[in-house]
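The values are calculated or read from the model by the stated rules, or taken from the named source; none is laboratory data. As the structure is a prediction and not an experimental result, all values here were calculated from the model. Note that we place each Cβ from the backbone using ideal geometry, even for glycine, and neighbour counts take in every protein chain shown.
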Amino acid sequence: MQTIKNRHLFSVVVSISVVLGFVICAQGQWGPPGGQQPQQPQQQQQYPQSQSPPPAQGWTPPSGGGQSLSDALGRFRITLPQGAVPMGATYNFSIPAAMCQVSIMTVTQNQMFQMQQQNFSGMLRQMGAQINTEKPMDVKGRPAQFIAATMRDQNSGMSMHSMNVFISNAGIWVQVMGPEQNVQQIGQIFNSVLGGLQF
């Protein structure tokens with residue numbers, strides 16, 4: 001019963017992520033308002049962060065807690081309750097010059113990942129998307145499933161294009177999304193992201 005609840009929760013989270021991605025892209029929220037340049041971070045951080053930075057002065061984790069971790073952007077730290085088990089992580093990036101968004105999701109449970117991979121095309125169709133391409137591919141020696149789709153936002157009338165790859169043996173889903181007229185740039189960013197992946 002708990003596994004069914006986890007699968008349903010995972011499907012809901014992914015569905016919301018997909019819908020939000022299309023909505024955000026359709027609204028053209030690619031960078032800071034008014035043409036301002038984004039502020040550069042003071043320190044370069046590694047993703048994912050391999051060690052937690054030293055705690056800020058005055059912060060002490062509660063005793064008796066479970067695993068402690070820091071947000072990759074340095075916005076928060078958390079000590080999870082005892083027995084908390086990681087299920088997945090999502091990383092979202094914007095590339096304003098290409099009007100693209102990049103999302104990378106990792107999942108620890110193979111069954112949930114496989115279920116999402118199998119249901120993804122159907123879910124997109126239910127949301128009104130057109131599946132342009134669906135085929136197997138290889139990502140650095142690992143089997144993967146490639147799905148490209150186009151969806152029209154009902155409010156703005158703007159068409160969005162997404163390129164997705166589900167890398168089975170790694171439990172990783174990579175998505176690059178942007179306006180349909182930028183499909184060439186979306187493809188270049190997609191290939192660049194896959195080229196930068198290391199397992």
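Considering region 141-158 alone, what residues qualify as being small (Gly, Ala, Ser), touching a helix residue (DSSP H, G or I) at 6+ places or on another chain (Cβ under 7 Å) and at pLDDT 95 or above?
Within region 141-158, Ala144, Ala149 qualify.
Residues are listed down the side, and each one gets a yes or a no for (1) aliphatic (A, V, I, L, M); (2) part of a helix (DSSP H, G or I); (3) within 18 Å of Gly128 (Cβ to Cβ):
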{"position": "Ser162", "(1), (2), (3)": "no, no, yes"}
{"position": "Phe166", "(1), (2), (3)": "no, no, no"}
{"position": "Val176", "(1), (2), (3)": "yes, no, no"}
{"position": "Phe190", "(1), (2), (3)": "no, yes, no"}
